[in-house]
Amino acid sequence: MEGISKESSVFQKRVRSGIQGFDSILGGGLPERSFVVLVGGTGTGKSIFAQQFLVEGLKSGEGAVYVSVDEVPAQLRKNIEAFGWKISEFEEKKKFAVVDAFTSAIGKVKEREKYAIQDISDLNEFLEVLASAIRDVGGKRVVIDSVNPIYLNNKVASPRNITLHIKRLVQSLGATTLAIAHLGVGDKGWWVQEIEHLADGIIRFDLEEVKGELVRSILVLKFRGINHSLKRHPFDITSSGIVVYSEKTLNLK
């Protein structure tokens, strides 16, 4: 793609996303160990994008960890396997782990999930459980879905400090991380300014009406150390995952 150099990076290695058409708009994939925030509203494709990213790593022999903050882990597994991605096989091989940060690790829930967080407002507990999961599976890819409840439930640490601690942990363990941040319609997020400078990359997902039809699009707002596309690209969610049309651009105005 014009204006993108595959060599223009301060990072030593790129990580394939597994998402058709996406890597080319970054000039070769996500930088290894980068901490990337996926921003957008409901239904824009952020979670599917992140799940597809993890599955690509699993297929390549890498360990992966999914921190489920917004839904029950059992439903998360069903959502992933609905695309034909048999993550249960990788979980049995101890290459994939789900961290339950949704159901408050008590009673039967704690018995079902090996990695469970009892108090999401306890940053130390969050970091300890996450670190344990990453080490156990040799995690090279991590997804946190989503960061909103982590910020809102913590009355002591700021979004900036929380993000800084998580970023330090995952990068020290050698993982490339996607952190999902939900934004409502017209909402810019009171915490966005606190964390945007800490993120290595920020990718915006949108679902907007264009000529009477809802169209999904992706825009790389920032990516430290690489020369990326500055254009908005449309994408579709297919039965086998996301397809980004890197050669097409979209104007929402």
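The values are calculated or read from the model by the stated rules, or taken from the named source; none is laboratory data. Every value quoted in this text rests on a predicted model; they were computed, and no experiment measured them. As a convention, Cβ positions derive from the backbone with ideal geometry for all residues, glycine included, and neighbour counts pool all protein chains shown. In case anyone asks, the SASA skips ligands and DNA or RNA and just uses the protein heavy atoms, side chains included. Shrake-Rupley method; radii C 1.70, N 1.55, O 1.52, S 1.80 Å.
Which condition from (1) closer than 23 Å to residue 219 by Cβ; (2) part of a loop (DSSP other than H, G, I, E, B); (3) of a type in the set (A, V, I, L, M, F, W, C) is the one that residue 83 breaks? Only one criterion is unmet by residue 83, namely (1).
When restricted to residues that are outside any helix (DSSP H, G or I) and within 11 Å of the chain's Cα centre (by Cα), the range 46-66 contains 2. The set of residues in the range 10-40 being open to solvent by 30 Å² or more (accessible area, probe 1.4 Å) and of a type in the set (A, V, I, L, M, F, W, C) consists of 10, 11. Once the range 67-84 is narrowed to residues that are over 15 Å from the mean Cα position of the chain (by Cα) and among the small types (Gly, Ala, Ser), the residue that is farthest from residue 138 (Cα to Cα) is 82. Listed by first and then second residue, the pairs with beta-carbon distance under 9 Å, at least 6 apart or on different chains, first residue in the range 101-121 and surrounded by 15 or more Cβ atoms within 10 Å (Cβ to Cβ) and at pLDDT below 90, second among the acidic types (Asp, Glu) and part of a loop (DSSP other than H, G, I, E, B), are 103/113; 105/113; 105/119. Within the set 162, 180, 218, the sole residue that is touching a residue at least 60 places away in the same chain (Cβ under 8 Å) and under 22 Å from residue 69 (Cα atoms) turns out to be 180.
Hey, does the range 130-145 have a residue that's modelled with pLDDT under 95, touching a helix residue (DSSP H, G or I) at 6+ places or on another chain (Cβ under 7 Å) and open to solvent by less than 50 Å² (accessible area, probe 1.4 Å)?
So in the range 130-145, the residues modelled with pLDDT under 95 come out as none.
Looking for residues that are modelled with pLDDT under 95, touching a helix residue (DSSP H, G or I) at 6+ places or on another chain (Cβ under 7 Å) and open to solvent by less than 50 Å² (accessible area, probe 1.4 Å), one finds none in the range 130-145, hence no.
Residues in the range 67-78 that are outside any helix (DSSP H, G or I), open to solvent by 10 Å² or more (accessible area, probe 1.4 Å) and out of contact with any Ser or Thr (no Cβ under 7 Å at 6 or more places or on another chain): 71 alone. Considering each residue of the range 45-60, count those that are more than 27 Å from residue 215 (Cα to Cα) and open to solvent by less than 50 Å² (accessible area, probe 1.4 Å), and give that number. Final tally of qualifying residues: 2.
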